Amino acid sequence: MRVIKQAPAYIGPHNYCAGCGHGIFVRLIHEVMEEKGLIENNVCLIGSGCSSNLKGFIKGSNKTEVHHGRAPHVALGMKKILKDTFIWTYQGDGDAYSIGLGETIGTAHAGHPITVFVINNTNYGMTGGQAARTTLPGQITTTTPYGNPNVALDIMPMLSSLDRVGYLARGTTASAAEIAKLKGYISNAVDCQMNEHKYSLVEILCPCPTNWHKTLPESIDWIFDDAVKHFPLGVFKSVKGE
Amino acid sequence: MKELWKGNEAMAEAAVRAGVQLYVGYPITPQSEIVEYMSARMPEVGREFVQSESEIGSINTVIGVGLTGARCMTSSTGVGISLMQEGLTSCFARGVPCVIVDVNRSGCGMGSRDFGGGQDDYLRSTRGGGNGDYRLLVYIPNSVKEAVEFVYNAFELAEKYRNPVMVLTEGRLGQMMEPVEMPPFKEGEIPAWGIDGTTKIMEDYDSSDSGVVNDAKYRAKLELMEASEQRWETFCIEDAEVVLVAVGMTSRVCRGAVKRLREQGVKAGLLRPISAWPFPVNGFAELPASVKKLICVEVDNYGQVIEDVLIAAKKVEALRTTPVYSYAHHRLMTSNDVVKFVNAVNNNEVQEVG
C-alpha cells in the first residue's frame with residue numbers, strides 16, 4: 001500500500017489507551033507546525049493528567065511539564081522572553097477548566113498571545129475517570145456513582161465575551177470529516193498567535209473509551225448523540241470573522 | 001552617591017540594576033511598593049512587567065521566564081509566598097534560577113497587616129516549603145543597604161547553582177528608608193541550557209517536573225551550597241561568654257543590647273546568621289572557647305531560628321554541652337527587653353531549651 005503521508009519524525013509511539021483522541025490531536029498540531037515551519041521554533045507547556053503522557057513521545061527540550069492548571073502562566077512568562085516563538089499549552093479539561101480555570105480566564109482576559117489546546121474527555125482520565133466540570137449531567141463516573149448532579153461547563157460563551165481573545169474553536173477527533181476541520185482550527189489558532197498576536201484556544205471533544213466504559217464506536221456515537229449537545233462544535237470567535 | 005531609599009523600592013531598583021528581564025507581582029501589604037515601582041520602572045528600561053492574577057500566577061510566570069534562562073523576579077509577603085510553594089518546588093526540580101523577595105508579615109493565617117512584620121517565615125523558607133526535599137538559598141538582610149546588595153547578587157547565585165534564591169526581609173525593612181548607594185547596571189547571559197524553542201536535547205534535561213532523574217546531581221548541589229554559601233557576621237565576639245544569635249532586624253536590636261550588657265560588665269557578643277540556608281554552622285564553629293551560653297532572639301511566637309541554633313550547637317563539638325536559650329516574641333523587642341532576658345538567664349530564671 002502506498003504511504004501518502006507519515007507522522008512527523010519527531011513524534012514517537014505513544015502510550016495512550018486504544019481509541020483515545022490524544023494521538024490524533026498531537027499529530028495534527030505537529031503537522032500544522034511543520035507546515036508553518038515552527039518545529040524548531042515552538043515551546044509546549046504540558047499540563048498534568050493524560051496530557052502529561054505527551055512528554056514521553058515528542059522529542060526535544062522545547063516541551064516541558066508544569067503543574068496542574070498552571071500552563072498558561074508559564075506560557076505567558078515564556079512568551080514575554082521568546083516573542084517570536086510559537087508558545088502552546090497542552091491541557092486536559094480538568095487542568096484548564098477546573099484547577100486552572102483562573103489561569104485560563106486570566107490569560108485570556110489579558111489577551112496574552114499564547115495558544116491553549118484543551119482535550120475535553122469529560123472526566124479526569126489519568127486518575128481513573130473522576131467527574132470534572134465538563135462531566136455531562138447524569139454521567140456516571142467514579143465520583144458520581146449515582147450520576148453527575150451538576151451541569152457541564154462550556155468554556156466558549158465565557159471566553160467569547162472577552163475582548164482580547166482572538167480565536168476560539170471546538171472540534172473532535174471522532175470522525176474523518178471532523179478531523180479535517182480540526183486541523184483547520186489548529187492552523188487558525190497558530191496564525192492567531194503568530195500573526196494577530198492574540199490569545200487562541202482550541203478544544204477537542206476526545207473519546208475516552210477506557211473511562212467511559214464504552215467501545216470506540218459507542219464512544220463516537222455518544223459524542224455525536226449526547227456530548228455535542230453540551231459542547232457544540234465549530235468556531236466561536238475569530239478576529240478575522242471566519 | 002548615597003541616596004535615601006525606601007526598602008521595598010530599593011530592592012526593586014537593585015533587581016533592575018542586576019538585569020532582571022521580567023518582574024511579576026501581585027499587590028499585598030507590606031511589599032506592594034515593589035509591584036508599584038516595577039510597573040513604572042520596567043517599561044522605562046524596556047523590560048517586562050506583569051501584574052499577575054495571584055501569587056500562583058506570579059511564580060508560574062517566573063518559571064516560564066526562568067526556563068529560558070532570562071533573569072526574573074517576583075515578590076510577596078508570607079501569605080503570598082505560601083501560594084507560591086508548588087511553583088518553588090518546581091523551580092528546584094527543574095533547576096530554574098529565579099529571585100524571590102519575601103517581605104514578612106507576622107502571624108499565621110492572613111497574618112498581621114501592620115507594617116512591622118516578623119520573622120515567622122523562617123522555617124518555611126529554610127526548609128524548602130513545598131513538597132519534596134529541597135532548599136532555597138535564603139539571605140536575611142538587616143539594612144536597606146544589605147537588602148540591595150543581596151538582591152543585586154542573588155541573580156548570579158541563582159544562575160550558578162540553578163536554584164531559587166530568596167531574600168527574606170521583614171515588613172519594617174521594606175517600609176523604612178535608609179541611605180544606600182545603588183550599584184551599577186549589569187546584565188545576565190542566556191545560558192546554553194535555556195529553552196529557546198528548538199528541539200535541541202540537553203544532557204541534564206528533564207522534561208518531567210519531578211526532578212527525580214536529577215536526584216544525585218541535586219544532592220551534590222545542595223552539599224556544595226551548604227559548604228560554600230554560609231554567611232554570617234559577629235560583633236564583640238572575641239571574649240564573649242553570652243552569645244546572642246539573631247537574624248535580620250532583630251540583630252540590630254541585639255547589637256544595642258550587647259553594647260548595654262557590656263556597659264554592665266556582662267561579656268556579651270552577637271552572632272548574626274546572614275544566610276539562613278545554608279545556616280552558618282561554620283560561624284558557630286569559630287566561636288571562642290569563652291562562650292558559656294547561646295541565646296537565640298527572634299520575632300515570632302514559638303521560636304523557629306532556635307531549631308537551627310540547636311542543630312548548629314549539636315554539630316559543633318565545642319558547643320555540645322553549651323546551654324541554649326530561646327527568646328521568641330511576636331513583636332520586635334527593644335534592646336532593654338533583650339538585656340532583661342539575658343540578665344534573667346544569668347540569674348538562672350530561664351529554662352534552657354537545649
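Here, each number is a calculation from the coordinates, and none is a lab measurement. None of the values given here were measured: they were computed from a predicted structure. Positions of Cβ are generated from backbone atoms using ideal geometry, with glycine treated the same way; all protein chains shown enter the neighbour counts.
Quick rundown of the values:
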{"item": "Whichever aspartates and glutamates have a C-alpha closer than 19 Å to that of residue B:340, once near sequence neighbours (fewer than 8 apart) are set aside", "result": "B:241, B:263, B:298, B:300, B:349, B:352"}
{"item": "Relative contact order (percent, whole number), segment B:4-89, Cα cutoff 8 Å, 6+ residue spacing", "result": "35"}
{"item": "Centre separation in Å (Cα based) which lies between segment A:128-176 and segment B:101-180", "result": "42"}
{"item": "Amide proton proximity set for residue A:130, modelled H, under 5 Å, gap of 5+", "result": "A:124, A:142"}
{"item": "Cβ-derived FRET efficiency at R0 30 Å, residue B:259 paired with residue B:318, nearest 0.05", "result": "0.70"}
{"item": "Using θ = phi - 60° and Karplus 6.51 cos²θ - 1.76 cosθ + 1.60, couplings along segment B:94-105 (whole Hz; Gly, Pro as x)", "result": "9, x, 8, x, 6, 10, 10, 9, 10, 9, 4, 7"}
{"item": "Amide hydrogen neighbours beyond the local backbone of residue B:276, cut-off 5 Å, H modeled", "result": "B:138, B:139, B:140"}
{"item": "Radius 15 Å from Cβ of residue B:128, net charge of other residues (Lys, Arg +1; Asp, Glu -1)", "result": "-2"}
{"item": "B:52, A:238 arranged by Cβ crowding within 10 Å, fewest neighbours leading", "result": "A:238, B:52"}
{"item": "Rounded to 10°, Cα long-axis angle of helix B:335-346 versus longest principal axis of chain B", "result": "50"}
{"item": "Structure-based [θ]222 nm, chain B - -39500 (n - 2.57) summed over DSSP H runs of at least 4, per residue, nearest 500", "result": "-12000 deg cm²/dmol"}
{"item": "Residues B:105, A:2 arranged by fewest to most Cβ contacts within 10 Å", "result": "A:2, B:105"}
{"item": "Karplus-derived 3J(HN,Hα), 6.51/-1.76/1.60, for each residue of segment B:216-230, Hz, glycine and proline x", "result": "5, 5, 5, 5, 5, 5, 4, 5, 5, 5, 5, 7, 9, 10, 6"}
{"item": "DSSP bridge orientation in the protein assembly as shown - percent antiparallel, rounded to nearest 5", "result": "25"}
{"item": "Trypsin sites (Lys or Arg not before Pro) restricted to DSSP loop in segment B:232-304 with at most 15 other C-beta within 10 Å", "result": "B:292"}
{"item": "Shielding by partners, peptide A:43-52 (average Cβ within 10 angstrom, other chains)", "result": "2"}
{"item": "Antiparallel bridge percentage (DSSP; both residues within segment B:1-113; nearest 5)", "result": "10"}
{"item": "Highest to lowest packing among B:79-85, A:203-209, scored as the average C-beta count within 10 Å", "result": "A:203-209, B:79-85"}
{"item": "Charge dipole of the protein assembly as shown about the Cα centre (unit charges at C-beta), most positive-ward option of B:350, B:190, A:161", "result": "B:190"}
{"item": "Percent RCO, i.e. relative contact order, over segment A:24-97, from Cα pairs under 8 Å lying at least 6 residues apart", "result": "38"}
{"item": "From phi via Karplus (6.51, -1.76, 1.60), per-residue ³J(HN,Hα) for segment A:106-116 in Hz, x at Gly/Pro", "result": "x, 6, 5, 4, 6, x, 4, x, 10, 10, 10"}
{"item": "Selected from B:115, B:68, B:129, residue furthest toward positive end of dipole (segment B:51-135; charges at beta carbon)", "result": "B:68"}
{"item": "Prolate/oblate/rounded call for segment B:39-188, Cα gyration tensor, a/c under 1.5 rounded", "result": "rounded"}
{"item": "Cβ-based exposure ranking for B:5, B:232, A:88, in which fewest neighbours within 10 Å come first", "result": "B:232, B:5, A:88"}
{"item": "Subset of A:63/B:217; B:267/B:292; B:217/B:314; A:55/A:214; A:198/A:237; A:80/B:6 violating a 18 Å alpha-carbon distance limit", "result": "A:63/B:217; B:217/B:314; A:55/A:214; A:80/B:6"}
{"item": "Amide proton proximity set for residue B:244, modelled H, under 5 Å, gap of 5+", "result": "B:269, B:270, B:271, B:295"}
{"item": "Dipole in debye (nearest 20) - the protein assembly as shown, about Cα centre, beta carbon charges: Lys, Arg +1; Asp, Glu -1", "result": "180"}
{"item": "Rounded to 10°, Cα long-axis angle of helix B:55-68 versus longest principal axis of chain B", "result": "60"}
{"item": "Computed magnitude of the charge dipole of segment A:1-88 (debye, nearest 20; Cβ of K, R +1, Cβ of D, E -1)", "result": "80"}
{"item": "Bridge type composition, chain B - antiparallel percent by DSSP, nearest 5", "result": "25"}
{"item": "Theoretical gain in end-to-end length, residue A:15 to residue A:34 [0.36 nm per residue, Cα-Cα removed]", "result": "4.6 nm"}
{"item": "Peptide A:56-68, shielding by other chains (average Cβ, 10 Å cutoff)", "result": "6"}
{"item": "Those trypsin sites (Lys or Arg not before Pro) in segment B:1-76 that DSSP places in a loop and that have at most 16 other beta carbons within 10 Å", "result": "B:2"}
{"item": "Relative contact order for segment B:91-137, counting Cα pairs under 8 Å that sit 6 or more residues apart, in percent", "result": "28"}
{"item": "Test item: A:80-88 mean partner chain Cβ contacts at 10 Å", "result": "5"}
{"item": "Helix B:305-315 axis, angle to chain B major axis (alpha carbon atoms, nearest 10°)", "result": "80"}
{"item": "Choice from A:181, A:55, A:229 showing the highest fluctuation, given a GNM over chain A with Cα pairs closer than 10 Å", "result": "A:229"}
{"item": "Spacing of the two label points (7 Å from each Cα toward its C-beta) at residue B:181 and residue B:86, in nm", "result": "4.6"}
